[in-house]
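Reading through the structure tokens given below for one structure.
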Amino acid sequence: MISIPKGTKDVLPADAYKWHFVENNARRIAALYNLKEIRTPVFEHTELFLRGVGDTTDIVNKEMYTFLDKGERSITLKPEGTAGVVRSFIENGLASGVLPLKMYYITPVFRYERPQAGRLREHHQFGVEIFGGKGPETDAEVILLARDYIAALGVENVELNLNSIGCKHCRPRFNEALKEYLRPYLPEMCDTCRSRFDKNPLRILDCKEEACSKINENAPKTVDFLCDECREHFEKLKEILDACGVQYKLNPKLVRGLDYYSKTVFEFVSTAIGSQGTVLGGGRYDTLIENLGGPQVPAVGFGSGIERMLLVLENTGKKIPEEAPLGVYVAGLDEEGRKAAFALADKLRKAGVSAEFDHAGRSVKAQFKYAGKAGARFVVVIGSNELQSGEYTVKDMSDSSSACVKAESVLAYLKERLQ
């Protein structure tokens, strides 16, 4: 037997409704905010992620699925959603259209890492990107959209963490102060943090190693080094969130795990999945489009793992509503009855009623048993006697009552009762 690759998971038919619940709510909330869907390829040229995500990130250094195709081109399965959307924005000249451009996606992403609860090597993300909104109102709208999405799923006890990491003008001053603080501790820090010290010291604050986290407790705070523009942007964002009644926690150690962020960064964190508590995270990335060869267009967005959100729902005992059960099972008792049953099932489906028909040549008793397992609300029985009389037997499986319904009226009878 060939087994599924490590770090991947099948979504079985019995569980698909849980995914539909999350995805349908994501699409519904996105529509309320006037976002349109974008779909980008599962793989891209490796250079896109090297330049876009950043060569000091764990994603690029350790986690990308990269290979040479038959044309000797370096190709990578996308490890996150934003870079591909930015590439599409630039390549398709979308900057010349109406801005802001508001988009969302639901996509698989691939990262070679140790599989753990809520994070697999192939997992799925709901992501939002807004291009062309410079002010803090855009940051706030993305955060409010995230809040509404989480609330729509029924997820409770989630905390919003908020920070500003400055821009290319004020970041260098913070980096120098951070390096000055960290330099005496370098021998005690992990290899990854030591390698980031000169390339991107800000990323050291994201380290989860115990020794490094303890050192970072007293590190300088990014908000103390913001330029006037970044400080004003952050203060106005907080004012907007306060006016909307959004509760948040200022977290000076929050920097996110990708190099392209600037100014606002945020995470929604749950305690329902242990140490890996982030269920949604994002921020502003005003220079990414320009860095990838496009025009200077500000942008802000977020990503949220669907598997992780499902894990939160499971761990908090949230009951996901199951989808509508089968409407009608049409049971054929003999050869002529089976022909009529097949035709009725087709007629029901054309009328928008879900219907099933026996594909296994079962006895009538076995057909009723199957209909029960399938959750059918009604069973219509058709045999030679029913065809001769022109009346079908219709059994309501919810209360075991039966009725004889004229063949020409059975569709209307069933539709009325299934509304």
The condition from (1) hydroxyl-bearing (Ser, Thr, Tyr); (2) in contact with a Ser or Thr (Cβ under 9 Å, 6 or more places away or on another chain); (3) closer than 22 Å to Leu310 by Cα that Thr8 misses is numbered (2)
Taking the residues in segment 383-404 that are under 18 Å from Asp346 (Cα atoms) and aliphatic (A, V, I, L, M) as candidates, determine which candidate is nearest to the chain's Cα centre (by Cα). Val394
Would it be correct to say that Ala26 is under 30 Å from Val155 (Cβ atoms) and modelled with pLDDT of 95 or more? yes
Give the residues of segment 139-171 that are in contact (Cβ under 8 Å) with a residue 40 or more places away in the chain, among the small types (Gly, Ala, Ser) and not in a loop (DSSP other than H, G, I, E, B), sorted by residue number. Ala140, Ala146, Ala152, Ser164
Given the conditions (1) surrounded by 17 or more Cβ atoms within 10 Å (Cβ to Cβ); (2) at pLDDT 95 or above; (3) out of contact with any Ser or Thr (no Cβ under 8 Å at 6 or more places or on another chain), and given that Glu72 satisfies all but one, which numbered condition is not satisfied? (1)
So, in segment 14-23, of the ones that are hydrophobic (A, V, I, L, M, F, W, C) and modelled with pLDDT of 95 or more, which residue ends up nearest to the chain's Cα centre (by Cα)? Val22
Out of all the residues in segment 78-100, is one or more part of a strand (DSSP E or B), within 24 Å of the chain's Cα centre (by Cα) and in the same structural domain as His124 (by TED's automatic domain parsing)? no
Out of (1) touching an Asp or Glu at 6+ places or on another chain (Cβ under 7 Å); (2) touching a residue at least 60 places away in the same chain (Cβ under 8 Å), the one Val109 does not meet is (2)
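Here's the yes/no breakdown for (1) part of a strand (DSSP E or B); (2) under 26 Å from Met103 (Cα atoms):
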| site | (1), (2) |
| --- | --- |
| Ile2 | no, no |
| Pro5 | no, no |
| Pro13 | no, no |
| Asn24 | no, yes |
| Arg27 | no, yes |
| Arg39 | no, yes |
| Asn61 | no, no |
| Thr66 | yes, no |
Considering only segment 41-59, how many residues are crowded, with 18+ Cβ neighbours inside 10 Å and in a strand (DSSP E or B)? 1
If I go through segment 178-220 residue by residue, how many of them are under 31 Å from the mean Cα position of the chain (by Cα) and part of a loop (DSSP other than H, G, I, E, B)? 4
One residue is enough: does segment 154-165 have a residue meeting the conditions assigned by TED's automatic domain parsing to the domain that holds Ser270 and among the small types (Gly, Ala, Ser)? yes
Can you tell me which condition Leu237 does not meet? The list is (1) surrounded by fewer than 20 Cβ atoms within 10 Å (Cβ to Cβ); (2) under 24 Å from Thr138 (Cα atoms), and all the others hold. (1)
I'd like to check something: does segment 66-77 contain any residue that is within 18 Å of the chain's Cα centre (by Cα) and of a type outside the set (Gly, Ala, Ser)? yes
Just give me the residues in segment 312-332 being surrounded by fewer than 21 Cβ atoms within 10 Å (Cβ to Cβ) and in contact with a Ser or Thr (Cβ under 9 Å, 6 or more places away or on another chain), in sequence order. Asn315, Thr316, Ala324, Pro325, Leu326, Gly327
Does segment 61-69 include one or more residues that are under 30 Å from Cys193 (Cα atoms), crowded, with 18+ Cβ neighbours inside 10 Å and not charged (D, E, K, R)? yes
Residues of segment 221-263 being within 23 Å of the chain's Cα centre (by Cα), hydroxyl-bearing (Ser, Thr, Tyr) and either over 29 Å from Pro79 (Cα atoms) or at pLDDT below 95 (or both), in sequence order, are Tyr260, Tyr261, Ser262
Residues of segment 252-273 being in a loop (DSSP other than H, G, I, E, B) and either of a type in the set (Lys, Arg) or closer than 14 Å to Pro298 by Cα (or both), which ones? Lys253, Arg256, Tyr260, Tyr261
Quick check on segment 405-419: of everything there that is surrounded by 14 or more Cβ atoms within 10 Å (Cβ to Cβ) and closer than 18 Å to Pro325 by Cβ, which residue is nearest to the chain's Cα centre (by Cα)? Leu418
With respect to Glu323, determine if the residue is on the phi < 0 side of the Ramachandran plot and touching a His at 6+ places or on another chain (Cβ under 9 Å). yes
Failed condition for Ile204, given (1) of a type in the set (A, V, I, L, M, F, W, C); (2) buried (at least 20 other Cβ atoms within 10 Å of the Cβ); (3) under 30 Å from Ile38 (Cβ atoms); (4) in contact with a Phe, Trp or Tyr (Cβ under 8 Å, 6 or more places away or on another chain): (3)
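The rows are residues; the columns are (1) at pLDDT 95 or above; (2) farther than 25 Å from Leu310 by Cα.
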position	(1), (2)
Glu80	no, no
Asn92	yes, yes
Leu99	yes, yes
Val128	yes, no
Ile143	yes, no
Qualifying positions in segment 150-207 - touching a Lys or Arg at 6+ places or on another chain (Cβ under 6 Å), at pLDDT 90 or above and among the aliphatic types (A, V, I, L, M): none
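The values are calculated or read from the model by the stated rules, or taken from the named source; none is laboratory data. Nothing here was measured: the structure is a model prediction, and the numbers come from that model. Heads up, the Cβs are rebuilt from the backbone with ideal geometry, glycines too, and the neighbour counts pull from every protein chain shown.
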